[in-house]
Amino acid sequence: MNFKQKQDAFGTLCDILKDSHPGLKDYQAVIAAMNKAAKARNIYVHGSLHYDTETANLLLSSVSARGSFKVTFVPTTVEDLKGVSVLIHKASVALHNLVTGSKHPGLFPTQA
């Protein structure tokens, strides 16, 4: 089962149980946060980081092979990567809080 299938199964389970378990009422927001974090994560995991010494820029490459082979380089920063880390952490904390019923604020309570 891939991540999306596991997420769909989890969402279905939450939907079935939400009436008898009121703590699950916000499960759709948690799944949305997980989707946003996974999408941002995949950009970095499936790409490569390159440092251009001539321009002093950090570049993120992505490869597409649909119809033709194409490599794209997009400027990125360490702050962008930190932002992805925050998204992943917040989605993890939201999932933990949903499943356990706790109210853990996480490490980045005031950051986006």
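Size descriptors for the range 67-112, from the alpha-carbon set: Rg then Dmax equal 16.0, 49 Å.
Each residue of the range 65-75 is assigned a 3J(HN,Hα), and the resulting list reads 10, 9, x, 8, 8, 9, 10, 10, 10, 10, x Hz, derived from the Karplus form 6.51 cos²θ - 1.76 cosθ + 1.60 (θ = phi - 60°), x at Gly and Pro. Shape annotation for the chain: C-alpha extents along the principal axes are 59, 38, 16 Å, from largest to smallest.
Considering only VAL84, VAL99, VAL63, the Gaussian network model of the chain with Cα springs below 10 Å gives its largest mean-square fluctuation to VAL63. Pairs spanning more than 22 Å between alpha-carbon atoms, out of LYS18/LYS39; LYS39/LYS82; LYS4/LYS39; LYS6/LYS39: LYS18/LYS39. When +1 charges are put on Lys and Arg Cβ atoms and -1 charges on Asp and Glu Cβ atoms, the dipole computed for the chain relative to its Cα centre reaches about 240 debye.
Database remark: amide H of ASN57 closer than 5 angstrom to the amide H of ASP52 (H placed geometrically; neighbours at sequence offset of 5 or more, or on other chains; Pro and chain starts carry no H).
Coordinate-derived values only; no laboratory data. None of the values given here were measured: they were computed from a predicted structure. In this analysis, Cβ positions are derived from the backbone assuming ideal geometry, glycine residues included, and neighbour counts consider all displayed protein chains.
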